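Structure, as structure tokens:
The values are calculated or read from the model by the stated rules, or taken from the named source; none is laboratory data. As the structure is a computational prediction, the values presented were derived from the model and not from experiment. No Cβ is skipped: glycine too gets one built from the backbone with ideal geometry, and neighbour counts run over all protein chains shown. Only protein heavy atoms, including side chains, enter the accessible area calculation; ligands, DNA and RNA are left aside. Shrake-Rupley method; radii C 1.70, N 1.55, O 1.52, S 1.80 Å.
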Amino acid sequence: MKVKKAVIPAAGLGTRMLPATKAIPKELLPLLDKPVLQYIVEEAVAAGIEDILIITNRGKSAMEDYFDYVPDLQERLAADGKAELLAQVKNPADMANFYFLRQKETKGLGHAIWRAKSFVGDEPFAVLLGDDVMRAEVSVTRQLIDAAEKYGASCVGIKEVSDEAVAKYCSVEITALEERIYRVTDMVEKPVPEEKFSNFAILGRYVLSPGIFPILETLPPGRGGEIQLTDGLQRLCQVEPMVAKDFEGKRYDTGNLVGFLEATLAFALDHPETGAWLKGQLAMNR
Ligand code: G1P
């Protein structure tokens, strides 16, 4: 099973990051010098993904421009001998083959993924949520693909989270197969406490069989009146094998202020231009 395609749902309105997201897609807000979306694309490419479909929406066409060349700027940088900056400007467009499709209606994550049906065809594919940025030694998507390939199954990326977080995300029913890999038998989106299976929640990464599409096609709306991917996966795991990978790495929800700041600080500590300065500032304010 070779996974070469990925879908990045990035059609959300970004209401938790207003007013910044009034005119800029939340996926293009910068974590230091690169937009959130570039970190996600880099993770996909590091996992061996070649074709990337970004599910977009009205008012978000700047995402297409970002993954394109900018000839005037590139010529100027070349003429000025700024080779490193030139590469940084040009590289995003060369990382993969990019495709864009508008969701058209804001009907939920399950609906956004269903829109990817003709792009995906009859192959397994990865899903990387556009808000969830990972910091990991090995691409989290790669970790999921390895587990999916080993078990001939779909695979969801999970982490053990607090009671409050489970209620905000979802809860999966799992049994251990090996260290960090589990069989998935049930799940529920945004559970009330009585519905919870475990404190393991799916956090923004999936490797799915195309068997998800006929399920999403007829799936009724769930929590919040939206077509929920989790509801589709709940049905998929009844009829096809599904595993969960407790992935190695840290996940940041850049769709809210605290998560965005946390990610900014984490990446700033690693960045050659800012790391030493930030460490100094933090030590000074202790
Ligand atoms: C979505 C999914 C949920 C998942 C969460 C975190 O929720 O529906 O199952 O746990 O992302 O990746 P949202 O954050 O869009 O409410």
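Kindly indicate the residue of the stretch 197-219 that is open to solvent by less than 70 Å² (accessible area, probe 1.4 Å) and more than 20 Å from the chain's Cα centre (by Cα) and also farthest from the ligand (Cβ to nearest atom) among those meeting that condition. Step through it out loud before you land on a result.
Start the filter on the stretch 197-219 by keeping residues that are open to solvent by less than 70 Å² (accessible area, probe 1.4 Å), which leaves 198-213, 215-216, 219.
Then keep just the ones that are more than 20 Å from the chain's Cα centre (by Cα); that gives 198-199, 211, 215, 219.
On the way: S198: 13, N199: 12, G211: 19, I215: 15, L219: 13 Å.
Restricting to residues being open to solvent by less than 70 Å² (accessible area, probe 1.4 Å) and more than 20 Å from the chain's Cα centre (by Cα), the top hit is G211.
Would you be able to tell me the number of residues in the stretch 227-286 that are among the small types (G, A, S) and either in a loop (DSSP other than H, G, I, E, B) or open to solvent by 20 Å² or more (accessible area, probe 1.4 Å) (or both)?
In the first step, residues of the stretch 227-286 are kept if they are among the small types (G, A, S); the result is 232, 244, 249, 255, 259, 263, 266, 268, 275-276, 280, 283.
Adding the requirement that they be either in a loop (DSSP other than H, G, I, E, B) or open to solvent by 20 Å² or more (accessible area, probe 1.4 Å) (or both) leaves 249, 255, 276, 280, 283.
Qualifying residue count for the region: 5.
If you go through the stretch 220-262, how many residues are under 15 Å from D186 (Cα atoms), β-branched (V, I, T) and either within 11 Å of the ligand (Cβ to nearest atom) or in contact with a Cys (Cβ under 7 Å, 6 or more places away or on another chain) (or both)?
So the count comes out to 2.
When you scan the stretch 119-148, how many residues do you find that are away from the ligand (no atom under 16 Å from the Cβ) and touching a strand residue (DSSP E or B) at 6+ places or on another chain (Cβ under 9 Å)?
Initial filter on the stretch 119-148 (away from the ligand (no atom under 16 Å from the Cβ)): 119-125, 137-139, 142, 145-148.
Right, trim to touching a strand residue (DSSP E or B) at 6+ places or on another chain (Cβ under 9 Å) and you get 119-121, 123-125, 145-148.
Looking only at that region, the number is 10.
Name the single residue, out of those in the stretch 149-169 being touching a Phe, Trp or Tyr at 6+ places or on another chain (Cβ under 9 Å) and more than 19 Å from S209 (Cβ to Cβ), that is farthest from the ligand (Cβ to nearest atom). Step through it out loud before you land on a result.
Taking the stretch 149-169 and keeping what is touching a Phe, Trp or Tyr at 6+ places or on another chain (Cβ under 9 Å), we get 154-161, 166.
Next, only the ones that are more than 19 Å from S209 (Cβ to Cβ) stay: 159-161, 166.
Working: K159: 10, E160: 13, V161: 9, V166: 9 Å.
In this case the residue turns out to be E160.
Check off (1) within 25 Å of A44 (Cα to Cα); (2) among the charged types (D, E, K, R); (3) touching a Phe, Trp or Tyr at 6+ places or on another chain (Cβ under 9 Å) for E240 and give me the number that stays unchecked.
(3)
Which residue is surrounded by the fewest Cβ atoms within 10 Å (Cβ to Cβ), if the candidates are limited to the stretch 176-188 and must be β-branched (V, I, T) and under 10 Å from V243 (Cβ atoms)? So that I can check it myself, show each step before the final result.
So the first thing to find is which residues in the stretch 176-188 are β-branched (V, I, T), and the list is 181, 184-185, 188.
Subset that is under 10 Å from V243 (Cβ atoms): 181, 184.
Details: I181: 20, V184: 25.
Top of the filtered list is I181.
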